[in-house]
Amino acid sequence: MSRFDYHARYNQGDKIYTADEAKAVLAGELKEVLSKDVGFTGARVVRLGVPVEEQDLLKWLAAQHRHDNTRFYFSGRDPGDTEAAGIGIADLIGSKETFDYAETFGHMRSRLSIENPDLRYYGGFAFAAGHIDADWGSFGACRFFIPRFELFLKSGRTYFACNVVLNKEKPEDVEKICRELGGLRFSDYSDTTFSRPGQLLSRNDYPGYGEWRENLTRVIGEIRDHRYDKTVLARKVVLDFAAELDAAAVLFFLKRHLLSRRYDFLFQFDGEKAFVGSSPERLYKRTGRLIESEAVAGTRSRGKGEQDDSQLALELMNSDKEQREHNFVINFIEKNLRPLCISLDVEHQKGLMKLKEGQHLMTHIKGTLKENAVDEMLMDALHPTPAVGGCPLDRALEAIGRCEPFKRGWYAGVIGTVGYDSGDFAVGLRSGLVDKNKLCLYSGVGIVDGSIPDAEWQEVECKITNFLDIINGKR
């Protein structure tokens, strides 16, 4: 059978397989496809999949906790976007300290094809090169992978797939993969319940309040001296709990409470540390030659009532400081995208992104890419934007390095998925790193002329408190 024949299996017929039936079918196909002489050189991905009975993807993922060191969940922001959960790795491209966009996307293009329209890589890029430390060691600066086993939703149906790479997997690997397949849990997780974090033992802030004030006072002075226009400074809060945390439970409570359109994600590569979050912010989404991006910067809290909320929104829209901060992001995206596009449309009127935990200035940007504009060019042009880095970027990064006593890792980095002729990427915000009984929360604010250190501290504190209250059931 050809690669196309195997792909066609889960697009034909109306049969919905039980979990046991799906396992049996895929085990048989695995043995057949990996026992044959492929008759060609180079690696090719074979995707074996069938429609299965409806599954709760996040509960299914939680049930596989001890199956493999690698597990993930990702859902896109728009209706009909990718929602998938997976275990293990069939193919991987990554690097520890730096990233090469051309090498990364080139590798993925070599494995993706129109014959496998549902096949995707999942993963991310760190905030910037050099922002990896021991906490982020298993993530590296860049890591994208095709999962070995994948449960995903498409057109109202649930599908289960197993991915293998011809000329990489050997006949002797069949039994190992089949054992892993047999060990997956489907029917015995229906009573799975997600637990709250429990007793908080300690909290540590990096930097602390005094150091934050000193840093911001110095940075604001440098901005007024025109050394740079804007930087974005973050805080890291380390919370120690009495019991181990379940990363899937953290994501479950975020999804259940926040509700609004977001990118929800969980990535775990070593069986211990998991990056989990619910980001409202898109870096870019590409479908063929069409690209969508957005500027999100400038913040106010939500009001206690409709009138109070409207007043806060009006303050945001009329704030010179927030408008300037937002314009830095718009100008950056437009300047860097326009050379890659045949046409580019930037909204003239700023709007509001209203979330349960806050409201932000937002400007939509859409365009049609030139024929030679590929994802590595887009990523190099857009990441990181002034919404998470600053401008000019090199000087803003210097300020971040001086002021933040930690490495950001994948926080404020890029989280997303790459398919054949498509890509969808979020900015890794509203997020935390789960490590056994420890939760590291990250949050930042844009600093421009007019910023007030105490007000910026409070804005970060509000974001961190919101996250913690949600997973503790206080909101």
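The values are calculated or read from the model by the stated rules, or taken from the named source; none is laboratory data. Only a predicted model underlies this, so the values are computations on that prediction, with no experimental measurement involved. Please note: Cβ atoms are built from the backbone with ideal geometry, for glycine as well, and neighbour counts cover all protein chains shown. Accessible surface areas use protein heavy atoms only, side chains included; no ligands, DNA or RNA. Shrake-Rupley method; radii C 1.70, N 1.55, O 1.52, S 1.80 Å.
Condition check: more than 17 Å from the chain's Cα centre (by Cα), at positive phi and not charged (D, E, K, R). Does Gly88 satisfy that?
Details: more than 17 Å from the chain's Cα centre (by Cα): yes; at positive phi: yes; not charged (D, E, K, R): yes.
In short, yes.
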Exercise. Do any residues in region 131-149 that are more than 19 Å from Thr104 (Cβ to Cβ) have Cβ atoms under 6 Å from those of residues that are assigned to a loop (DSSP other than H, G, I, E, B), where the two are at least six apart or on different chains, and which pairs are they?
Worked result: Asp133/Lys407
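Could you say whether any residue in region 464-474 is small (Gly, Ala, Ser) and open to solvent by less than 10 Å² (accessible area, probe 1.4 Å)? Can you show your working first?
Of all residues in region 464-474, those small (Gly, Ala, Ser) come to 473.
With open to solvent by less than 10 Å² (accessible area, probe 1.4 Å) added as a condition, the list becomes none.
No, because not a single residue in region 464-474 is small (Gly, Ala, Ser) and open to solvent by less than 10 Å² (accessible area, probe 1.4 Å).
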Problem set entry | All strands (runs of 3 or more DSSP E) inside region 138-254 with 3 or more residues being in contact with a helix residue (DSSP H, G or I) (Cβ under 7 Å, 6 or more places away or on another chain) and at negative phi | 142-154, 157-166, 230-241
Problem set entry | Pairs where the first residue, in region 446-475, is over 29 Å from Ala247 (Cα atoms) and the second is of a type in the set (Lys, Arg) and open to solvent by 40 Å² or more (accessible area, probe 1.4 Å), C-beta under 9 Å, 6+ apart | Val448/Arg324; Asp449/Arg224; Asp449/Arg324; Gly450/Arg324; Pro453/Arg213; Asp454/Arg213
Exercise. Ser35 versus (1) modelled with pLDDT of 85 or more; (2) out of contact with any strand residue (DSSP E or B) (no Cβ under 7 Å at 6 or more places or on another chain): which is the lone unmet condition?
Worked result: (1)
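Out of everything in region 432-463 that is charged (D, E, K, R) and either farther than 23 Å from Gly413 by Cα or touching a Cys at 6+ places or on another chain (Cβ under 8 Å) (or both), what residue ends up being surrounded by the fewest Cβ atoms within 10 Å (Cβ to Cβ)?
Filtering first and then ranking leaves Asp454.
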Exercise. Is region 247-254 home to any residue that is open to solvent by 20 Å² or more (accessible area, probe 1.4 Å) and over 17 Å from the mean Cα position of the chain (by Cα)?
Worked result: no
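Within region 225-247, which residues are in contact with a strand residue (DSSP E or B) (Cβ under 7 Å, 6 or more places away or on another chain) and either within 16 Å of Cys391 (Cβ to Cβ) or of a type in the set (Gly, Ala, Ser) (or both)? I'd like the intermediate steps shown before the answer.
We begin by selecting, within region 225-247, every residue in contact with a strand residue (DSSP E or B) (Cβ under 7 Å, 6 or more places away or on another chain); these are 228-242, 245, 247.
Within region 225-247, Tyr228, Asp229, Lys230, Thr231, Val232, Leu233, Ala234, Ala242, Ala247 meet the criteria.
I'd like to know if region 225-246 contains one or more residues that are open to solvent by less than 30 Å² (accessible area, probe 1.4 Å), of a type in the set (Phe, Trp, Tyr) and at pLDDT 95 or above. So that I can check it myself, show each step before the final result.
The initial filter retains those residues of region 225-246 that are open to solvent by less than 30 Å² (accessible area, probe 1.4 Å), namely 228, 230-239, 241, 245.
Imposing the further condition that a residue be of a type in the set (Phe, Trp, Tyr) reduces the set to 228, 241.
Still in the list and also at pLDDT 95 or above: 228, 241.
Yes, region 225-246 contains a residue that is open to solvent by less than 30 Å² (accessible area, probe 1.4 Å), of a type in the set (Phe, Trp, Tyr) and at pLDDT 95 or above.
Can you name the strands (runs of 3 or more DSSP E) wholly within region 295-404 that have at least 3 residues being closer than 19 Å to Leu429 by Cβ and either open to solvent by 30 Å² or more (accessible area, probe 1.4 Å) or of a type in the set (S, T, N, Q) (or both)? Spell out the reasoning first.
Working: elements: 341-346, 351-355, 358-369.
The qualifying strands (runs of 3 or more DSSP E) are 358-369.
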